[in-house]
Amino acid sequence: MKKWHRTAGAGLLVATMLIGGTAQAKPDAVYEEIQAAIEAVGERVTGVGLQVDALADAVDAQADRSLRVQVDVDPAACAAGTTGCTTSFSTEPAAHGNGQPVRVVFQVTHRGEPVSGLGPERIQIRNSFVPAGAASIKLCEPELCTENHFFAGLNGMYMAWIIPVGNLPWKGGRYVGTVRVTDAQGQRGWGLMSYSIPKTP
């Protein structure tokens with residue numbers, strides 16, 4: 001008759017034919033077969049481990065190239081008489097029908113550390129969705145928003161002012177876009193920008 005024995009550790013079943021109480025398979029041959037099976041499983045596990053390590057390295061490499069950008073938008077900043085509004089604009093909040101600048105404050109970090117020293121040439125602010133008939137937006141020029149149109153602060157903090165393209169008036173409604181940052185090493189990051197322009201001043 002056949003008797004099945006489960007080997008410890010390898011998880012394999014070894015069939016031994018017993019005739020008159022004597023095993024036909026030699027113990028050394030059975031041991032070598034089990035060892036070969038264990039080594040084959042080990043090689044497959046090692047291969048999977050190498051693939052996991054390679055994937056982890058790829059994730060780490062991507063993280064090394066990615067910047068994190070956190071964004072806050074304030075359409076009413078000019079109402080507080082903030083510098084950047086007082087030269088060519090009034091102390092009114094951005095609203096439907098006017099062209100008051102909107103303040104964008106954002107922080108740039110890389111792997112938890114602040115990224116400082118970036119200039120406006122490394123910043124792109126774009127709207128993806130705007131109200132019907134509204135213009136896109138751009139960084140406010142120095143001659144309109146003074147020398148404070150873009151300010152780099154400490155701890156990776158930045159402040160910029162945006163206005164409609166062509167110096168057109170705002171259309172009331174919801175605006176959604178991104179702030180894209182590229183550092184000197186070519187690493188990039190995007191932050192979501194969402195704000196509403198009141199339909200009445």
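No value in this document is a laboratory result; all are computed from the given coordinates. Nothing here was measured: the structure is a model prediction, and the numbers come from that model. All Cβ positions, even for glycine, are placed from backbone atoms using ideal geometry, and neighbour counts span all protein chains on display.
Net charge near Pro131, counting Lys/Arg +1 and Asp/Glu -1 over other residues with Cβ under 13 Å of its Cβ? Spell out each step's value before the answer.
On the way: positive: Lys171, Arg174, Lys199; negative: none.
Taking every Cβ under 13 Å from that of Pro131, the sum is +3.
Give me the net charge of Met193's neighbourhood, meaning all other residues with Cβ under 15 Å from the Cβ of Met193; Lys, Arg count +1, Asp, Glu -1.
Numbers: positive: Arg68, Arg103, Arg126, Lys138, Arg174, Arg180; negative: Asp72, Asp74.
Local net charge: +4.
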Can you give the net charge of the other residues whose Cβ lies under 13 Å from the Cβ of Ala79, counting K and R as +1 and D and E as -1?
-1
If each residue of separation counts as 0.36 nm, what is the full-extension length gain between Arg111 and Asp72 once their alpha-carbon separation is subtracted?
12.0 nm
